[in-house]
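Quick one: the structure is below, and I'll ask about it shortly.
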Ligand SMILES: Nc1ncnc2c1ncn2[C@@H]1O[C@H](COP(=O)(O)OP(=O)(O)OP(=O)(O)O)[C@@H](O)[C@H]1O
Ligand SMILES: [Mg+2]
């Protein structure tokens, strides 16, 4: 979605990122780099800190220590404009979090109009284009409670895309869905990946991770224990903990 | 023993007067009919006072309720002090502070109407604030997170996402606040504002038929409160049926 496509450019970089909740150490020093157009999946057992890590990237959680650089800019510094940072990073949640009091169209056009000051007309054109892309062109006037889970999540993706973000963060986007609806959401994410979107995806969908991602991070106990290509992770992982985790879930 | 005797006497008297009242129901109706224009005038003012107080209270309460949840400590304490002070002191005292106390400080009288509206709205605002606060807190945190993740500021998130959903949810408790205020507004009779209660007082100090007139006034209050709670229940049901 951006003009330049220097795929060696580092978009996200964390250095010794730590997060505590009181005495509980959830992230214990995470250093990772994500390049432009990369699709990175994060896997790992429940409670390992995957969501916390993802939510630190757009400061929905405030890191306790360490630094996060987005396109080279230190976002934990007080000089950083958090709102414009977030406007450039889309996020998709497990529970969709659509705004129930607004139509699908309003859900998608609200932020472009209020944050980016896009006109009503062009924000609606964009919304319809995105709805078409996620296969929901006829649902513009519907309300969220009239949609199935899979449709809700596709609207949520369209809503995030409407801000034309440089990065998309997904936190278990298919975990709340009935099995028959998982495919339609993964398909949308797949096409997004092939278009060159930079994506960080926390997921339990190993098939998706294997097929679509460039890299897979295995997290456990607040640390990244393995950072490898999917071929390696899924066939011959280097860390024994990765091996035992995958044996349980596959 | 003396107490039982006393109670017995009271009981007999009550029964006898009830008897005479049953007999005199027609006279009562006739009497009240004559006073109805006066009472309706008072009713109108009562409704007016209540509507203005709850509307202004809604505005005050929205800000105070948001202030109560502010990240800024100063604003939070300010809102808390206001809410606690108002909810922790009698409305009657508040009315008198505005009507009697304030003139001593500002050096000029406050018209009864102004004093009544001011004290009732400030009072209502504190109760509405707690309702608004609870309404805001009842909205799933994911809503605000989704809005913030789109780059919306905390003010925009409050205005476009959280408040519209919270307001829908607090219509029933706001209706109850309206009913409470309707009844409590009778207290401004002490500052000689001629709302329903004061009209009744004026009538019975002249006619010496306090029971007749107070009974009529009770019925008027009852009709008002029952119709409002009906309305609230109706809107509550409609909102539950289409929750958007
Ligand atoms: N707001 C919070 N306050 C206190 N503890 C928290 C909070 N959020 C998360 N935690 C704790 O942090 C740890 C990591 O949570 P996190 O949600 O990041 O795990 P996860 O890897 O996403 O797990 P899952 O696969 O179940 O989503 C858990 O032990 C959790 O209980
Ligand atoms: Mg999680």
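The values are calculated or read from the model by the stated rules, or taken from the named source; none is laboratory data. The shown structure was predicted, so the numbers you read here are calculated from the model rather than taken from an experiment. Neighbour counts are summed over all protein chains in view; Cβ atoms, including those assigned to glycine, are modelled from backbone coordinates with ideal geometry.
Test of understanding: among A:193, A:160, which residue is away from ligand 2 (no atom under 16 Å from the Cβ), more than 14 Å from every other protein chain (Cβ to nearest Cβ), touching a residue at least 60 places away in the same chain (Cβ under 8 Å) and not in a loop (DSSP other than H, G, I, E, B)?
Every option except A:193 fails the conditions.
Only one of these is more than 17 Å from the chain's Cα centre (by Cα) and either within 16 Å of ligand 1 (Cβ to nearest atom) or buried (at least 16 other Cβ atoms within 10 Å of the Cβ) (or both): A:66, A:72. Name it.
So the residue among A:66, A:72 that is more than 17 Å from the chain's Cα centre (by Cα) and either within 16 Å of ligand 1 (Cβ to nearest atom) or buried (at least 16 other Cβ atoms within 10 Å of the Cβ) (or both) is A:66.
Helices (runs of 4 or more DSSP H) wholly in the stretch B:110-191 with at least 1 residues that are touching a strand residue (DSSP E or B) at 6+ places or on another chain (Cβ under 8 Å) and within 14 Å of chain A (Cβ to nearest Cβ) - which ones?
In the stretch B:110-191, B:141-149 are the helices (runs of 4 or more DSSP H) which contain 1 or more residues that are touching a strand residue (DSSP E or B) at 6+ places or on another chain (Cβ under 8 Å) and within 14 Å of chain A (Cβ to nearest Cβ).
Please go through the stretch A:82-101 and pick out each residue that is assigned to a loop (DSSP other than H, G, I, E, B) and facing another protein chain (nearest Cβ under 8 Å).
If the condition is that a residue be assigned to a loop (DSSP other than H, G, I, E, B) and facing another protein chain (nearest Cβ under 8 Å), then A:88, A:93, A:95, A:97, A:98, A:99, A:100, A:101 are the ones that fit.
Can you find a residue that is modelled with pLDDT of 95 or more, closer than 21 Å to residue A:208 by Cα and within 16 Å of ligand 1 (Cβ to nearest atom) anywhere in the stretch A:159-169?
Yes.
Follow-up question, since we're still on this one. If you take the residues of the stretch A:122-150 that are without any contact (Cβ under 8 Å) to a residue 24 or more places away in the chain and more than 12 Å from chain B (Cβ to nearest Cβ), which of them is nearest to residue A:186 (Cα to Cα)?
A:132
A further question follows. Give me a count of the residues in the stretch B:26-37 that are within 22 Å of residue B:199 (Cβ to Cβ) and out of contact with any helix residue (DSSP H, G or I) (no Cβ under 6 Å at 6 or more places or on another chain).
Within the stretch B:26-37, residues that are within 22 Å of residue B:199 (Cβ to Cβ) and out of contact with any helix residue (DSSP H, G or I) (no Cβ under 6 Å at 6 or more places or on another chain) number 7.
Answer with yes or no whether residue B:96 is within 18 Å of the chain's Cα centre (by Cα) and over 23 Å from residue B:178 (Cβ atoms).
yes
In the stretch A:29-81, what residues are within 16 Å of ligand 2 (Cβ to nearest atom), in a loop (DSSP other than H, G, I, E, B) and closer than 20 Å to residue A:229 by Cα?
The answer is A:44, A:45.
For the stretch A:163-190, what are the residues that are within 14 Å of chain B (Cβ to nearest Cβ), closer than 16 Å to residue A:93 by Cβ and either away from ligand 2 (no atom under 16 Å from the Cβ) or without any contact (Cβ under 8 Å) to a residue 12 or more places away in the chain (or both)?
Those that are within 14 Å of chain B (Cβ to nearest Cβ), closer than 16 Å to residue A:93 by Cβ and either away from ligand 2 (no atom under 16 Å from the Cβ) or without any contact (Cβ under 8 Å) to a residue 12 or more places away in the chain (or both): A:163, A:165, A:167, A:168.
Yes/no matrix, rows are residues, columns are (1) more than 26 Å from residue A:159 (Cβ to Cβ); (2) more than 16 Å from ligand 1 (Cβ to nearest atom); (3) under 16 Å from the mean Cα position of the chain (by Cα):
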{"position": "A:17", "(1), (2), (3)": "yes, no, no"}
{"position": "A:48", "(1), (2), (3)": "yes, no, no"}
{"position": "A:62", "(1), (2), (3)": "no, no, no"}
{"position": "A:81", "(1), (2), (3)": "no, yes, no"}
{"position": "A:99", "(1), (2), (3)": "no, yes, no"}
{"position": "A:120", "(1), (2), (3)": "no, yes, no"}
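Please work out which residue is nearest to ligand 2 (Cβ to nearest atom), limiting yourself to the stretch A:196-210 and to residues that are surrounded by 15 or more Cβ atoms within 10 Å (Cβ to Cβ) and free of Cβ contacts under 8 Å to residues at least 60 places away in the same chain.
Only one residue tops the list, namely A:205.
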